[in-house]
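Heads up: the structure comes next, in structure tokens.
Derivation of every value follows stated rules applied to the coordinates shown; laboratory data play no part. Everything numeric in this text was worked out from a predicted model, so none of it was measured. Virtual Cβ from ideal backbone geometry, glycine too; neighbours counted across all protein chains shown.
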Amino acid sequence: MADEPLNRDDMLVRDALMTLARDVESLDLSQPEDVRASGGAARRRRMLWTTLATAAVVLAVAALGFLNLGRPEALEPVPAGTSTAPVPTSATPSPSVTATSTPTRRATKRPRPTPTAPATPTPSPTPTAVVVAPPEPEPQPSVTAPPAPVVPPECGAVRGDVVAGDATAAALATARRLMDLAVACDARGLTELATRDDTVLDHSGGPVTDAFALPGSEARYRALTLVLAMPSEQNEFGTEWPRTPRTDAEWQRLVDLGLLDERSLETAKAEGTYPGYRVLIAGDGTWLVMVNGD
């Protein structure tokens, strides 16, 4: 039967015994009795230290064996035919044996699966009814009632076309402006224009504000619009409306329009002058005169 290979613990014990044997063999037992007696004490001391050293080695081997029992590989069975390489503990090298054959299985502790709590099902969201607000009505533009037309006070003016005749462009523009202001019964506009041009409105030289004040000046408004719609003539000062009648029809028309009465008609014909309202505008457009009578 082949010798089984020594493990690490057996080799430690063998080395301790071999050391003890070498110490015993080194003792000289052939000396005389007197020498033995004198060296007995020394041998006993050496034996005591040797015994203590051996005991210490044994205790160390026991401790190593106990520690090896705690390793997982110490619990695994070594299959037959598997050799383990010895660990050299002395100066003499020992041939190492390489382990072949079936690899050693290690006892590993499998971790136990940690139980996990079952997942709590997430409740599906409850559909929420979407309330669609009705569209806000678009703001309607505020309807503002048109302002009531300003009805000018009744002033007796009559709309007519201004007869240009030989009047200059500036004189014609002033005549048409006077027609518009009179038809609108615009006392303020007529007063401002007369004030600007220093117009003669009365032989007595009364204030301009009284000439077109309403009520009370209706005859002046009417006469202004009527004479501007009649033929004009030129004189040394500018254009004058109306011209002196040249036929009986023209004289009669003045009577029909109320610009001349029947009693003054014959005198006016005999003298060849028109005694009623007349308007005189200079060539540069300045309103010079609006008087009644000579």
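Summary of values
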| read-out | value |
| --- | --- |
| Globularity index of the range 169-292, i.e. its alpha-carbon radius of gyration over 2.2 N^0.38 Å | 1.03 |
| Per-residue Cβ neighbour rank within 10 angstrom, fewest leading, Leu265, Leu226 | Leu265, Leu226 |
| Distant-in-sequence amide H partners of Val291 (H built 1.01 Å from N, under 5 Å) | Arg278 |
